[in-house]
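Below is one structure; the comments refer to it alone.
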Amino acid sequence: MALRTTMDTNSLNLTHNIDGPTNLDGEKQTFQMKPKTVLVTGSSGLIGSEAVEHFDRQGHQVHGVDNNMRQVFFGDPGDTTWNLDRLRAISRNFTHHNIDIRDRIALETLFHAHHFDLIVHCAAQPSHDRAREIPILDFEVNALGTVNLLETTRLYCPEAVFIFLSTNKVYGDAPNEIPLKELETRWEYDRPEDYNGINENCRIDRTLHSLFGASKASADLMAQEYGRYFGMKVCIFRGGCLTGPSHSGVELHGFLSYLVKVAISGGTYSVFGYKGKQVRDNIHSHDVVRAIEEFAANPRCGEVYNLGGGRENSTSILEAITNIEHRMGKKMNWKYVEQNRKGDHICYISDLSKFRSHYPNWRITRSLDTILGEIIAVQSRLQTAASGG
Ligand SMILES: NC(=O)c1ccc[n+]([C@@H]2O[C@H](COP(=O)([O-])OP(=O)(O)OC[C@H]3O[C@@H](n4cnc5c(N)ncnc54)[C@H](O)[C@@H]3O)[C@@H](O)[C@H]2O)c1
C-alpha cells in the first residue's frame, strides 16, 4: 500500500504550478521550488554532479560532499577531479566539502552549520565486482555512510526530503528466475506479463546479491525504516543503468561510458558471459534528477521505486556495440569471456509504472540514441584533450 505522507508538504515551501511553462526538452515545468538549501553527496560523480548542476541552475544553494573516493576504488581512471573543476566553473551557488560520509562528526558539523531542505544521497562504492576485494570498506561506505546521513538528517533537519540512490542489485539474481527466450541479439522475457520488466514486488532476500548488492540492500532497508518508522520524507530509487556524459566510466562501473571510452581509445572491451546478450535499461542522469525533483515536490514516507530507462532504453551489450560501431564508423575490439559476472542480471528492464503513476509529470526525455551521442561527443573531447590534440 502506498504510504502517503501525512506531513504538511508546504513545510518545504514547494509551490505547485500545474500549468507551468515547458522547457527545451518539452517537459512541463509543473512546479518550482523556492530557493532552498540542497545537499548532494557524491557530488563529483555521475548523478551527484547532474543534481548539483540542476539545482544550482534553479537558484538554490547547493552543497556537495565528495572526497573523490571513486579514485580510491578504481584508480586514476575513476578520478572525478575533472568533474568537480567543471562544476566549480559553471555553478553560481555551489560549495564543495571534502568530507567522507563515514565521518559522522564531520557530517554533524556540516549539518550544524547549514539547514538542508533536500538531501540527495549519491555517494557510494558502486561496483559489485570491486566489493569482493574491499568488503569492509564497501559496507562502511554504502551501509554505514547511509545510516550516518539518515541519522544526521533526523537529528538536524527531520522535515527535509531525503533521496537515496539504491540499486536493482538489491534484488540479487532473483530477476534471473524469470523465464527468458534467446533472440538473435538479446535475451527477452518469455511471458507477456513480464514485458514491462521488474517491479518493486520482486523479493530482495534469499538471492545472490554480490557483497555490493547486500551492502546497498542494508542501506535501502534502513532508508525505508527512517521513512516508515520515523515518518521522514525518504525516497529510495532502485536504479537500473544510470548513465550520462559526466560518468568517469571504468571497467567495473559505468557500462555505456566505459564501452564508448574503449571504442574511442581503440582498446579491447571484455564481454562477460550470457553470450553478450544480457540486457540493461539505461537512463540519462538528467531524467534521474527530474525524478528526484518530482518526488521532492510531493514527497512520501519511505517509498521505493524502480528507476531505469525502461523497455524503450534497453539494449544488450551486443546491440550497444553494433550501435556504437555504426555511429563511429569503425569496428570495435572486444573479446568474449565465458564466465559471467557473479550475481549479474541476464535481462533487467525496470518497470517504471509505479513511479509514473505517483508522478505522472515525469517521463523519459533522453532516448538511448541521444544518450550514446552525448557520451561519444564528451569522451571524444576528453580523449583528444588528454592526448594533447
Ligand atoms: N551508475 C549506475 O549505473 C548506478 C546504477 C544503480 C545505482 N546506482 C547508485 O547511484 C548512486 C550514484 O551513482 P554514480 O553512478 O553517480 O556513482 P559515481 O561513482 O559516479 O559517484 C559516486 C561519488 O561518490 C563519491 N564517494 C564515494 N565514497 C565516498 C565517501 N565515503 N564519502 C564521500 N564521497 C564518496 C565518489 O568519489 C563519487 O564521486 C550510487 O549510490 C550508486 O550505487 C548507480
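The values are calculated or read from the model by the stated rules, or taken from the named source; none is laboratory data. Note that the structure is a prediction, hence the values are computed from the model and not measured. Ideal geometry is used to build each Cβ from the backbone, glycine not excepted, and the neighbour counts take in all protein chains shown. Note: areas computed on protein heavy atoms with side chains; ligands, DNA, RNA excluded. Shrake-Rupley method; radii C 1.70, N 1.55, O 1.52, S 1.80 Å.
Listed here are the residues, each with its yes/no results for (1) out of contact with any Asp or Glu (no Cβ under 9 Å at 6 or more places or on another chain); (2) buried (at least 22 other Cβ atoms within 10 Å of the Cβ); (3) not hydroxyl-bearing (Ser, Thr, Tyr).
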site: Asp76; (1), (2), (3): yes, no, yes
site: Ser91; (1), (2), (3): no, no, no
site: Arg102; (1), (2), (3): no, no, yes
site: Glu108; (1), (2), (3): yes, no, yes
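From the list Asn68, Asn98, pick out the single residue that is open to solvent by 50 Å² or more (accessible area, probe 1.4 Å), at pLDDT 95 or above and closer than 30 Å to Phe139 by Cβ.
Working: Asn68 fails: open to solvent by 50 Å² or more (accessible area, probe 1.4 Å).
Unique residue meeting the criteria: Asn98.
Only one of (1) open to solvent by 20 Å² or more (accessible area, probe 1.4 Å); (2) in contact (Cβ under 8 Å) with a residue 24 or more places away in the chain; (3) within 16 Å of the ligand (Cβ to nearest atom); (4) under 22 Å from Gly213 (Cα atoms) is not met by Leu256, so which one is it?
Leu256 satisfies every listed condition except (1).
Of the residues that make up region 132-141, is at least one assigned to a helix (DSSP H, G or I) and among the aromatic types (Phe, Trp, Tyr)?
Start the filter on region 132-141 by keeping residues that are assigned to a helix (DSSP H, G or I), which leaves 135-141.
Still in the list and also among the aromatic types (Phe, Trp, Tyr): 139.
The answer is yes, given that some residue of region 132-141 is assigned to a helix (DSSP H, G or I) and among the aromatic types (Phe, Trp, Tyr).
Out of region 142-167, which residues are farther than 26 Å from His115 by Cβ and either open to solvent by 10 Å² or more (accessible area, probe 1.4 Å) or assigned to a strand (DSSP E or B) (or both)?
Thr167, the sole residue that qualifies.
Within region 359-379, how many residues turn out to be modelled with pLDDT of 90 or more, in a helix (DSSP H, G or I) and surrounded by fewer than 18 Cβ atoms within 10 Å (Cβ to Cβ)?
Residues flagged as modelled with pLDDT of 90 or more, in a helix (DSSP H, G or I) and surrounded by fewer than 18 Cβ atoms within 10 Å (Cβ to Cβ) within region 359-379 amount to 4.
What do you reckon, is Gly240 in contact with a Gly (Cβ under 8 Å, 6 or more places away or on another chain), within 10 Å of the ligand (Cβ to nearest atom) and under 22 Å from Lys342 (Cα atoms)? Give the steps one after another, and end with the answer.
On the way: in contact with a Gly (Cβ under 8 Å, 6 or more places away or on another chain): yes; within 10 Å of the ligand (Cβ to nearest atom): yes; under 22 Å from Lys342 (Cα atoms): yes.
In short, yes.
Determine whether Gly42 is near the ligand (Cβ under 9 Å from one of its atoms), buried (at least 17 other Cβ atoms within 10 Å of the Cβ) and modelled with pLDDT under 95. Let's see the steps before the verdict.
Numbers: near the ligand (Cβ under 9 Å from one of its atoms): yes; buried (at least 17 other Cβ atoms within 10 Å of the Cβ): yes; modelled with pLDDT under 95: no.
Criteria not met by Gly42.
Please enumerate the residues belonging to region 59-112 that are away from the ligand (no atom under 13 Å from the Cβ), within 17 Å of Thr152 (Cα to Cα) and either outside any helix (DSSP H, G or I) or aromatic (Phe, Trp, Tyr) (or both).
Phe111
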